[in-house]
Each structure stands twice: as structure tokens, then as C-alpha cells.
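I have placed the structure first, in the form of C-alpha cells, so that the comments after it can refer back to it.
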Amino acid sequence: MKEETKQTTNKNTGHKKGFIKVITSLEFYFVLVFVYLETLFHFVRFNGELLYLPYKLLFAIFYGMIFGTIASIMPRIVSKILTWGFAALASVYFIAQIMYSGIFRTYLSITGTMGVTGQAFDFVDVIWKEVGSEWWIILLMLIPVISLIFFRKVLDFDRHSMICYGAQLAGTIAVFIFIMISFNFETGNLYTAKEVYKNYNSVDMSVEKLGVMESLYIDIKEGVKSALGIEGKSADFVAEITYADDPGIETSTETTTEIVATDTDSIVPESTEATTEEIVIDTSPNVLDVDFDELIANETNENIKSLHEYISTVTPTNKNEYTGMFEGYNLIFVVAEGFSGYVIDPVLTPTLYKMSTEGFVFKNYYTPLWYGSTLGGEYADLTGLMPNNGGYLSMSRAGSRGNYMMFTLSNQLSRQGYKTMGFHNNDYKYYDRHISHPNMGYEWIGVGNGYEPERYASGSQLWPQSDLRMVETTFDLYAGEQPFHTYYLTVSGHVMYNFGGNEMCIRHKDYVENLDYTETTKAYIACQYELELALTELNKRLKEAGLADNTLIVVTADHVPYDNKDVVDELAGKELDNTFGWYKNSLIIWSASMEEPVEIRKYCYSLDVLPTVSNLMGLPYDSRMMVGQDILSDSEGMVIFNDRSFITDKCSYNANTGEIYSIDGSQIDQAYVENKNAVIKNKFNMADNICNYDYYRYIGEYLNWIEE
């Protein structure tokens, strides 16, 4: 009896020791760390939505076991160092994701931002502001490191037996297999977790559906493949679902005409007969003479062939009564830093008000916030394509690889004999624009290669620089040569908005001091007033030079003030929703020669600017090869957001919640939404692959547009 009791005691003691061994192991510790961090991040950024949390927890367990094994297999002292290092790096990376997403409303891609890390110092004030608002999250994210202070003597830093490591390896593999199997049970979504895992093309969707740790792994893997020049498989284009109201539009490229008016002003006095003159409008598709059947038959690169096959099926937009309205005009294109149309006021900003109400008036124009902040928004404005959502910056990649950018306004107008120049009142190398912008056809001038910045008495440069001064000091460089196309990338509207460090806010403080707004909103108005002065000066000089009636001016934003939604809310006089309302903006397309405004209620956005201006200038382009479309055409309006939400003339769809809201009052068929989701997926694929595989070069060579 005593012997039996002793054996039972030993057995229980062994179980206890085994249990203690497990919970004090580094593998168990890191599983807890990653499960904790993923769960906290999920509830902070995704409002407790449980749909994809299981995948994130499974990946957290998977990576916890891997990191724990790596640390435990090392000698004791190395094991301790690795444990502290891994815990610290994990906390820091999750904090970085919290900070980045809090500021830019998108998630951090290590490989996409690695080349521009030095420019993060320009956002020090913004970062500190974010720290101040989310300090409690940062503190909670540091708990894995803080816990080591208390549990470092409890953790087991000794190596395990080979049997134990074998069991851990089997367990780790089992978790991974379970994840892969579970992927197959998710249905009803074009962007399933499995699809995101297999075809990584969005850091936002990856973080949302797979978690921070798995997104980091995929991001690094894709970055390494890119650095090694390993070309991935082109993402498949999906079939676009038809719906009840789909008219089945024909895509004939034959020229058609439409009679839209008759001129009866010329009447013979002695006769009751009137002479009528038909005004004929060409409504043929805006396409180039490209035989896709020939291209497909002769193409051996599967990625390019896939693009040929898809683009050949896209319905082009048609020419219209505004086609060539400004043919031969000079063109000045302005991308305004951090601009929101809610700042336009007939008293405070009379020039902006005049240009936004007396030219083309776009009632439903949006500027979505794209990956890469200013560079992403600028890429959308200049190319009619959305930038890649993580992994690399599309503008930088297109420039560094020397992609043929056949449809940028600078390249299009250069082919028409225009002088093309681009100016920026900040560092000309910022975001590698000294590579990307000449590649787009601009003679690129900024601080450091021809533009002399304004300085304080100490010799240091003002921050931010003056947009007014940029116009004053550059106008004569292009105005004497006809025709010209000038591109201005402004900087006066840059964050932070305060009267302590923002020189443009300080310069115009008196102008806004008595306004009934908060200090931050008044500071925002003050710095945007510099854009008002710049446009006023530009119009004045054009008029004095006799160029006003032969110049088209386009003004759009790179993005809304991304870290200051409260400012936009205050200017709008209401709280705007995060998915749509915040991004509503103003697009200015105006010329002094316009006798009356043209109002457009179609839903449109920043990607539509390039094809719309191309059509107005009468330039030969192919509407099938851009994501954006001519706003003035008879096509259905569409706004696509980075998270795959959308607005059309019929409805809005929130991709995060699945909510559908009818705009025109009609009943929205689910097939309609499914069709648009498929269209949008294909548009993202097309934009990414056009950049990734230098697609326009194939078209340019086919058309003999590329000079040797």
C-alpha cells in the first residue's frame, strides 16, 4: 500500500513538473506574447470584429512556437538575449503598426517604406501627436517586454531534449496544416483569407484577414523576391458577374455620330424658311488602334498576355461634346498638399471659389487616401491608376525601373510639341522624384537642383515653403514658350497645422485669427490660404501675359488632411463618416475662356482626372488602359477606395461592414454589388500589373511611340 501511494505521488509530481516545464518554456511565453499582441491590435483597429480573429490567433500560435524554439535551442546566455530582443522587436513592430495606421489610415509595409525611412523625420510632430492620443495602447503593447522584468527568473532558458523539439516541430506543422485546411471553409467573398494569403497585393487586407505577424512575413518574402528579380505569377482576373439591369454594352470601336443641336440663328428676313446647321459630335470610343488579337497571339510572356486579354474586354468610354474643348491650350496642373474642398469659401478664398464654381463643377468628387500618402495620391492623379497597396511604392518602382509612362500628361503633351516642366518647393529628391518625374516626361526642378528656397536669417530653410513664392519665381521659366504644360506639386498645406512651427500658418495667422474655429482648424485655413494666394498670382500673371484665355488650369489634392479628420469635420459643419464623407473633395478644371459653368453630378475621384483632362485636351489615349475614366463621358460614375469600398451613381458599398446604401432610391440587386466587386478586383490587378511588368512599353513599342 505504501509502495502504491509512493508511485502515485511520483506520478503526480512528474505531471506537475511537466506542466511547469511547459508553462515556463520560451515557446509558451512567445505564443502568449503573439496571441496577446494580435488580440489587442485586432480589438483596437478592427472594433472587435470576430470574423478573422481565429486566423490571426492561429498564426500567432504558429509564430510563437517558431520564435520560442529559436530562442530555446541556443546556449543559455544567447537564449536570454534573443528572448529580450524578440519581445522588444515584437512590441516595437506592433506599436509601429498602431502609429502608422493611426496617422495614414493604412498599414505599414516594411519593404515598401524601407527606402524612404530617412524622410520619417519630417513627421516627428505628427508622430508625437499620435503618441499623445494613443499612449495607452502603446503602453499595453509594451507589456511583453515589461513582463520579462518580473518573469525572467521563472522562464526556462535551458535547452530541451531532442524528443521535445521533435514534438514541437510536429505541433508547429500541425498548426500550419490546420490553418491551410481552415482556409477552404471560407466562402462568399472575392477577398477570402486564402486569396489574400496566396496572392498578396494589399497590406491592409493582409493585416485585416491574416494578422500583423503573417503580413510581416509575406511582406518580407515578397520584398526579397522583388530584390532578387524573381517575377511572380500575375494575379488572375475574375469573371465579372452580370446583373439584371446590365444592358450588355457593345464595345465596337467604329466611329459614330450624334446630332445634339441645330443652329437657327441665321434667318433670312424676306423668307419664312430657316437655314439649319447640324452640330455633329463624335461619340466613338476613346481608344488607340491596337489589335489585341494580334498581340495575344504573338505574346509569350504570360503576365503580359493576361493583361492583353483582360484589357481587350474592357468597355471603353466614349468621346463626347467636350472632347478637344481645350485642344492646343497651355495646361497648368496643380497637386495641392493636404487640400480639402471644405476650406473653399467665397470670402476667405475668392480665387479658389471662382475657379471651383465657374468652370467644371464636380458635385461628387473624392480623393481616397492611397498607400504611400502624398506619393500614392500623386501617382493616382498623374497616372489614372491606383498605387500598389504595400510591398513597394508604385511611383518609385515605375521610376527606378524606367517604366514607359505613355499616358502621363507630360509624355502625351511632349508628343504634341509642348514644353513640359515640373516644380516642387521641397527637396527634388524626396520620395525619389528626381528619378520618377523625369521618367514621366518632366523637366523636374525642386530644392536642390534649381529652385532656391526661402530661408530664415539663420540660413535654415522655412518649413513649409511658400506656394506663392514658387509661382512667382518659376512663371517666367515656361510662360515664354508656347504651348507649355507645367506641373506644380505644392507643400504649403503640409501637416502639422499650428501656429508654433508651421511657417505658412504663422504667416497668415492674422488673416484667420478672428474666425470662429478651433486653433487647429484656423491654422489649417491659414496654410491653405497660401495656395489661394499662389493661384491668385498665377491667374494675374497669365492675364498680364495674354495667356489666360488659352490656358487650362487643373487643381486637385494628393490626399485629405489625413491626421486631422476633426478639422475637416469642423469645416464641413458636421461629423463625416470615415469610409466616404471624409474623402469628398473639390476638383478644379477651369479656364478664363469658359463663359458658363458645367455642373457634373456623376460620382468621380482622383483616378478620373488624367483621362478627363486627356479627353478635354483632345489627346489620343486608350480609356481601357486606365482604371480612371473620363468623367464627362456617358459611363456610369464610380469611386473606388483603398479598402475596396465603392460608390457608384446607384449605391455605396462599405467593404468593411458589407452595408449597401441606395443613392438613386432604386432596389440594389446583390448581383450588382457582386459585379462591382469583381470589376474592382480586376482594376486593382490591372493597375498593379501595369506597373509591375512595364505594360505600357509593350503598347508603346507596338504603336511605334517609343523613340530609339
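Side notes on the structure shown:
- Test: residue in region 640-656 that is in contact (Cβ under 8 Å) with a residue 24 or more places away in the chain, farther than 30 Å from Glu299 by Cβ and in contact with a Pro (Cβ under 7 Å, 6 or more places away or on another chain): yes
- Residues in region 357-377 that are modelled with pLDDT of 95 or more, open to solvent by less than 20 Å² (accessible area, probe 1.4 Å) and over 25 Å from Ser652 (Cα atoms): Gly359 only.
A quick yes/no check of all residues on (1) part of a helix (DSSP H, G or I); (2) open to solvent by 50 Å² or more (accessible area, probe 1.4 Å); (3) over 21 Å from Ile588 (Cα atoms); (4) of a type outside the set (Lys, Arg):
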residue: Met504; (1), (2), (3), (4): yes, no, yes, yes
residue: Leu515; (1), (2), (3), (4): no, no, yes, yes
residue: Lys522; (1), (2), (3), (4): yes, no, yes, no
residue: Tyr529; (1), (2), (3), (4): yes, no, no, yes
residue: Glu532; (1), (2), (3), (4): yes, no, no, yes
residue: Leu542; (1), (2), (3), (4): yes, no, no, yes
residue: Val560; (1), (2), (3), (4): no, no, no, yes
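- Test: residue in region 389-405 that is buried (at least 16 other Cβ atoms within 10 Å of the Cβ), among the hydroxyl-bearing types (Ser, Thr, Tyr) and closer than 28 Å to Asn539 by Cα: no
Table: residues versus (1) of a type outside the set (Asp, Glu); (2) in a helix (DSSP H, G or I); (3) modelled with pLDDT of 95 or more.
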| position | (1), (2), (3) |
| --- | --- |
| Thr8 | yes, yes, no |
| Lys17 | yes, yes, no |
| Ile20 | yes, yes, no |
| Glu27 | no, yes, no |
| Val33 | yes, yes, yes |
| Glu38 | no, yes, yes |
| Val44 | yes, yes, no |
| Glu49 | no, no, no |
| Leu58 | yes, yes, yes |
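- Test: Ser436 is open to solvent by less than 40 Å² (accessible area, probe 1.4 Å), under 23 Å from Asn704 (Cα atoms) and either polar (S, T, N, Q) or not in a loop (DSSP other than H, G, I, E, B) (or both): yes
- Whichever residue in region 464-502 is over 30 Å from Gln416 (Cβ atoms) and in contact with a strand residue (DSSP E or B) (Cβ under 9 Å, 6 or more places away or on another chain) and, among such residues, is most open to solvent (accessible area, probe 1.4 Å): Arg469
- Selection count, region 591-612, where residues are outside any loop (DSSP other than H, G, I, E, B) and either surrounded by 23 or more Cβ atoms within 10 Å (Cβ to Cβ) or without any contact (Cβ under 8 Å) to a residue 24 or more places away in the chain (or both): 9
- Pairs with Cβ under 8 Å, 6+ apart, first in region 615-636 and of a type in the set (Lys, Arg), second modelled with pLDDT of 95 or more and open to solvent by less than 20 Å² (accessible area, probe 1.4 Å): Arg624/Ile311; Arg624/Val314; Arg624/Pro316
- Close pairs (9 angstrom Cβ cut-off, 6 or more residues apart or separate chains): in contact (Cβ under 8 Å) with a residue 40 or more places away in the chain and polar (S, T, N, Q) in region 431-455, surrounded by fewer than 19 Cβ atoms within 10 Å (Cβ to Cβ) and part of a helix (DSSP H, G or I) anywhere: Ser436/Ser400; Asn439/Ser400
- Taken over region 196-224, the residue count meeting the criterion of being hydroxyl-bearing (Ser, Thr, Tyr) and open to solvent by less than 40 Å² (accessible area, probe 1.4 Å) is 4.
- Hey, Asp630 open to solvent by 10 Å² or more (accessible area, probe 1.4 Å) and in a loop (DSSP other than H, G, I, E, B) or not: no
- Applying the set (1) part of a helix (DSSP H, G or I); (2) of a type outside the set (Lys, Arg); (3) farther than 30 Å from Ala655 by Cβ; (4) open to solvent by 10 Å² or more (accessible area, probe 1.4 Å) to Phe62 leaves exactly one unmet item: (3).
The values are calculated or read from the model by the stated rules, or taken from the named source; none is laboratory data. Fair warning: this is a prediction, and the values are worked out from it, not measured in the lab. Note: ideal-geometry Cβ built from the backbone for every residue, glycine included; neighbour counts use all protein chains shown. For the accessible areas, the whole protein counts, side chains as well, though only heavy atoms, and no ligand, DNA or RNA atoms are used. Shrake-Rupley method; radii C 1.70, N 1.55, O 1.52, S 1.80 Å.
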